[in-house]
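A quick write-up on the structure given underneath.
The values are calculated or read from the model by the stated rules, or taken from the named source; none is laboratory data. These numbers were taken from a predicted model, which means no experiment stands behind them. FYI the Cβ positions are ideal-geometry reconstructions off the backbone, even for glycines, and counts take in every protein chain you see. Just so you know, the surface numbers come from the protein's heavy atoms only, side chains and all, with ligands and any DNA or RNA stripped out. Shrake-Rupley method; radii C 1.70, N 1.55, O 1.52, S 1.80 Å.
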Amino acid sequence: MSKTIGILTSGGDCAGLNAAIRAVVFRAHQLGWKVLGIETGTAGLFDSPPKVRELKPKDFSGNVMRLGGTILGTTNNRNPFEYPMDDGSVKDRSEELIAAAKGLGIEALIGVGGDGSFDILTRLATQGGINFVGIPKTIDNDVGLTDVSIGFDTAVAVATEALDRLQPTAASHDRVMILEVMGRDAGHIALTAGIAGGADVILVPEVSYTIEKIAEKIKSLKTSGRNFALIIVSEAVKGPDGEAREVVFHGGETRYGGIGHYLGPKIAEATGSETRVTVLGHVQRGGSPTYNDRLLASALGVKAAELVNDGKFGRMVAWQNRQAVDVSIADAIKDCHTVEPQGALVKTARALGISFGD
């Protein structure tokens, strides 16, 4: 009889997840393993019976790899160690989840997630004696020990296209255009798209800024004969007062958001320029994945299945030096991979005359 791998996607969605699932299924079947897809992340294991379905290569013969999101569904607010109950309390339901996973008869679990998901899944694996392998995905690109994570390239492509579209309308109306992009703890999207999209100012949480320095850059552009400016800002950037700009959603959930609209009138006042703000939000998560994300997801998915077959657990697949490797999950999530203020891309941006407001 075939041995069984369980696979789930956890945390925020992004483009490329289905390509990763597909790669795991294809390689696992070649190696003689059956694959069970666990739906809605770890939350699917709380249902009775658990929400699972067998995945076979024939399930991926059509458009699935090209689809955004995840065919298995996901969740980012059902921490089994602090599970929110209907009465408003939280409960440790980790043992229920572990029992459900073992009841499925899986010999190994592959989780596609970011640092938060890996922290939870590693704790569950240690507590329950579950063999675990991780595949990194996050549009923020903040997982350590991998050059890039699934979903980042597509998010950057969307943000770059947004700058491409904002430039001609900015020039037509003599405006300063502010584009707010995602980036919960790191400014990689803003930095990378800002360079690729020809931004004049890039604001990231890792580099302090002042309105005066931003205004100085915009005024210098006007002096040189330019009638517009493009600013890209990460959602995690704080105001000059050090206060985070946040939005409270239904149920009390708090998320970053609003820095673009905060900066708009401040910059208008300091420069005399008409400003407009665009917030991309979840547009960066959706849509068909770029070829780079499909390739990365395929390589990492294949490697993850091979790690399971080789009995190498507690590992995360990673992309380093143009190849798929495996690293310790604990080491990968020990520190958040943020923008290095003295790193190559920041130096590149500065060499191109881009201001960081500092």
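Just checking, does the stretch 236-246 include any residue being touching a residue at least 40 places away in the same chain (Cβ under 8 Å), open to solvent by 30 Å² or more (accessible area, probe 1.4 Å) and not polar (S, T, N, Q)? No: zero hits. Which members of the stretch 332-358 meet the condition of being within 19 Å of the chain's Cα centre (by Cα) and surrounded by fewer than 13 Cβ atoms within 10 Å (Cβ to Cβ)? Selection gives Lys334, Asp335, Glu340. Taken over the stretch 85-112, the criterion of being in contact (Cβ under 8 Å) with a residue 24 or more places away in the chain and among the β-branched types (Val, Ile, Thr) is satisfied by Ile98, Ile106, Ile110, Val112. With respect to Ala171, determine if the residue is at pLDDT 95 or above and either open to solvent by less than 20 Å² (accessible area, probe 1.4 Å) or among the acidic types (Asp, Glu) (or both). No, not satisfied. The strands (runs of 3 or more DSSP E) falling completely within the stretch 1-101 that include 2 or more residues that are more than 27 Å from the chain's Cα centre (by Cα) and surrounded by fewer than 19 Cβ atoms within 10 Å (Cβ to Cβ) map to 3-9. Whether any residue in the stretch 74-89 is on the phi < 0 side of the Ramachandran plot, touching a strand residue (DSSP E or B) at 6+ places or on another chain (Cβ under 8 Å) and at pLDDT 95 or above is what I want to check. Within the stretch 74-89, not a single residue is on the phi < 0 side of the Ramachandran plot, touching a strand residue (DSSP E or B) at 6+ places or on another chain (Cβ under 8 Å) and at pLDDT 95 or above. Does the stretch 267-290 contain at least one residue that is under 30 Å from Asn321 (Cβ atoms), at pLDDT 95 or above and either surrounded by fewer than 22 Cβ atoms within 10 Å (Cβ to Cβ) or out of contact with any Gly (no Cβ under 8 Å at 6 or more places or on another chain) (or both)? There is at least one residue in the stretch 267-290 that is under 30 Å from Asn321 (Cβ atoms), at pLDDT 95 or above and either surrounded by fewer than 22 Cβ atoms within 10 Å (Cβ to Cβ) or out of contact with any Gly (no Cβ under 8 Å at 6 or more places or on another chain) (or both).
Which ones in the stretch 104-143 are open to solvent by 10 Å² or more (accessible area, probe 1.4 Å), out of contact with any strand residue (DSSP E or B) (no Cβ under 7 Å at 6 or more places or on another chain) and not polar (S, T, N, Q)? Correct list: Asp115, Gly116, Asp119, Ile120, Arg123, Gly129, Asp140. Scanning the stretch 326-351 for residues that are hydrophobic (A, V, I, L, M, F, W, C) and touching a Lys or Arg at 6+ places or on another chain (Cβ under 8 Å) yields Val327, Ile329. For Val325, the criteria (1) part of a loop (DSSP other than H, G, I, E, B); (2) without any contact (Cβ under 8 Å) to a residue 40 or more places away in the chain; (3) open to solvent by less than 40 Å² (accessible area, probe 1.4 Å) hold in every case but one, which is (1).
Only residues that are touching a Pro at 6+ places or on another chain (Cβ under 7 Å) and hydrophobic (A, V, I, L, M, F, W, C) were counted across the stretch 70-102, and they come to 3.
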